[in-house]
Every structure is written in structure tokens, then in C-alpha cells.
Amino acid sequence: MHDELRDALRRVEPPDGFAERVMRKAASEPVRPKPAVDARRSKTEWRGMLVARLAIAATLVITIGAGAWYQAEERRREGEEAKRQVLVSLNIAGSKLREVQMRINHEQER
Amino acid sequence: MGSALATQFDADEPLDFESLVRRHQAMVFSIALHFLHDRSAAEEIAQDVFLQLHRHLDAMQSADHVTFWLRRVTTHRCIDYSRRRRFDFVWLDRVPEPAAPGTHTADPLLSRRLRATIASLPAPARMAVVLRYQEDLTPEEIARVLDRPVATVKSQLQRALKLLREKMVRYA
């Protein structure tokens with residue numbers, strides 16, 4: 001069986017002119033210029049690139065987060081200031097009212 | 001490109017692309033032909049494989065590397081091609097005749113019948129049989145070419161042989 005299989009599956013030459021056709025096609029293929037730097041990067045380079053990208057991403061996240069926090073804090077501070085001013089105004093108005101009331105009372109008692 | 005290869009290959013090896021094509025054309029064409037049983041598809045695949053070799057010639061490190069690379073690329077291309085082909089009928093009268101019928105002693109009818117029976121095997125087992133009996137590779141070498149575990153290749157070969165025996169007995 002093994003010998004029969006070897007006989008049935010022995011190598012066959014391709015049709016005449018096969019090599020010439022391959023050579024013609026190979027010659028007509030455009031020659032691609034080699035990249036200056038080898039595209040295949042080593043594992044260390046890939047790891048370095050990954051770390052650099054992660055660092056850039058982390059910096060961006062921290063910067064954007066800090067900016068958002070600063071804006072929120074600024075708004076809160078402005079609100080506090082406005083509230084304080086309103087309270088001061090109300091205080092002043094209250095004391096004026098009390099003073100007027102006291103004068104009226106005083107006049108009536110006379 | 002040939003000069004770059006010249007420094008990597010042995011001094012007595014043919015170095016240029018044309019020599020590689022002429023040396024390996026029968027191997028590449030026969031793997032495709034015995035697997036696909038279609039001369040025009042086999043020629044097309046063989047041409048594509050050599051053009052791919054032409055593009056990757058700088059990456060070849062030795063003559064053995066070229067042989068291994070060609071076997072690997074050819075087998076994978078053939079398997080891909082047979083997956084894409086929807087109907088995989090093989091007619092006995094389309095099974096290719098050997099190139100030089102006078103160089104063998106076996107019964108040509110029997111050989112033809114055997115090739116047709118091989119054509120009826122499932123694709124993975126068929127490729128293992130082609131590499132085992134055309135290229136005379138060991139199961140370990142076939143496993144490396146096909147990227148399969150050695151145990152898988154061994155069981156595929158055993159099952160293929162059993163099937164072939166049964167079919168040939170029925171034929172006889």
C-alpha cells in the first residue's frame with residue numbers, strides 16, 4: 001500500500017514554460033522600496049511604546065480632571081461670595097428697619 | 001536580491017530566484033495538483049506561491065528554510081482554496097495523469113484509482129497523505145508544516161490509510 005501510494009503521488013512537472021511565466025510575472029511586479037526603519041519592532045520597543053502611550057493617556061486624564069475640578073471650585077466660590085453679599089445686604093436692611101421701628105415707637109410713647 | 005541571498009546560502013547552492021523556481025516547481029505544483037486534482041488551479045496556486053517567495057526572498061535564511069517555507073505556504077493556500085471552492089467533486093477522468101508515465105512500474109489504472117480515492121478523503125487527511133507519500137515527510141515534519149499537533153497528524157494518517165484500504169479492497 002505504501003509503495004503504491006508513493007507511486008500514485010510521485011512528483012509531477014508543471015506545464016511547459018511554467019518557470020518563464022513565473023519569472024515574467026515576478027519581473028512585472030512593482031518593486032516596493034524598503035522602509036528606512038525595519039517595520040518589525042522588537043518586544044522591548046513595543047513595551048516602551050505602550051508605556052509612553054499609557055503615560056500620555058494618564059497625563060491627559062489628570063489634566064482634564066484637574067481643569068474640571070478647578071472650574072467647579074471656582075463656581076462654588078462665586079456662589080459662596082454671592083450668598084455672603086446677599087446676607088450682608090439683608091443684615092443691613094434689617095438693622096435699618098429696626099432703627100426706624102424704634103424711632104416710631106419712641107415718637108408714639110411721647 | 002540574489003546577491004543578498006548569496007551570503008546566506010551554501011556556496012554550492014543555486015542562489016537566484018529562477019534557480020529556486022526551477023528546483024522547487026515540481027514539488028510546489030505536485031502538492032497543489034495531488035491535493036486539488038485540478039491542473040489549472042494547481043498552476044495558479046504554484047505561481048502565486050513563487051511570487052510570494054519572490055517578495056519574501058530577503059527573509060529566507062537557508063535552502064532548507066526555502067523548502068519548508070514553500071511547503072508550508074503551498075499547503076495552506078491549497079487548504080484555503082478548497083475551503084472557498086463550494087463543490088469539491090472529483091471525477092475519475094479528471095484525475096491527473098503523471099507527467100512521465102514510463103518512469104514507474106505500478107499499474108497505471110491502480111494508481112489512477114488510488115489518486116481518485118485520495119481525492120475523496122477529507123481535506124486535512126488528504127494533505128497529510130500528500131505530504132507523507134509525495135514528499136516523504138515524517139509525521140513530525142508534517143505537523144510542523146501544517147501547524148497541527150503530531151498526534152493529530154498521526155491519527156489522520158492512520159484513519160486515511162484505513163479508509164483507503166477499505167475503498168481499494170471494495171474496488172478490487
What are the ³J(HN,Hα) values, in whole Hz, obtained from phi via the Karplus relation 6.51 cos²θ - 1.76 cosθ + 1.60 with θ = phi - 60°, for each residue of region B:32-45 in sequence order, with x given for Gly and Pro?
5, 5, 5, 7, 8, 6, 8, 5, 6, 5, 5, 5, 4, 5
So for A:42, B:19, fewest C-beta neighbours within 10 Å to most, what's the order?
A:42, B:19
How far apart, in nm, are two points set 7 Å out from the Cα along the Cα-to-Cβ line at residue A:63 and at residue B:40?
6.2 nm
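Estimate the FRET efficiency between residue B:62 and residue A:74 by the formula 1/(1 + (r/R0)^6), using the beta-carbon distance for r and 41 Å for R0, to the nearest 0.05. Please list the in-between numbers first.
Values: r = 70 Å, r/R0 = 1.71.
Approximately 0.05, to the nearest 0.05.
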Computed lengthening from residue A:2 to residue A:44, 0.36 nm per intervening residue step minus Cα-Cα distance
10.1 nm
Using a 10 Å cut-off around each Cβ, can you sort B:68, B:50 from fewest to most neighbouring Cβ atoms?
B:68, B:50
In order through region A:69-75: 3J(HN,Hα) via Karplus (6.51 cos²θ - 1.76 cosθ + 1.60), integer Hz, x for Gly, Pro:
5, 4, 5, 5, 5, 4, 5
Principal-axis tilt of helix A:18-28 within chain A, Cα atoms, nearest 10 degrees:
40 degrees
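Return the equivalent ellipsoid semi-axes of region B:104-172 as a descending list in whole Å, where each equals the square root of 5 times an eigenvalue of the C-alpha gyration tensor. Let's see the in-between values first.
Numbers: eigenvalues 105, 36, 16 Å².
Rounded to whole Å, the semi-axes are 23, 13, 9.
Find how much the distance from residue A:109 to residue A:82 grows on full extension, using 0.36 nm per residue of separation minus their present alpha carbon separation; answer in nm with one decimal. The partial results should precede the final answer.
Details: separation 27, 0.36 × 27 = 9.72 nm, distance 4.07 nm.
Gain on extension, residue A:109 to residue A:82, equals 5.6 nm.
Just the Kirkwood number for chain A, please: inverse of mean 1/r across all distinct Cα pairs, in Å, one decimal.
Numbers: mean 1/r = 0.0395 Å⁻¹.
In chain A this quantity evaluates to 25.3 Å.
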Among A:70, B:133, what is the fewest-to-most ranking by other Cβ atoms within 10 Å?
A:70, B:133
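We did not get these values from a lab; they are worked out from the coordinates using the rules stated. Only a predicted model underlies this, so the values are computations on that prediction, with no experimental measurement involved. No Cβ is skipped: glycine too gets one built from the backbone with ideal geometry, and neighbour counts run over all protein chains shown.
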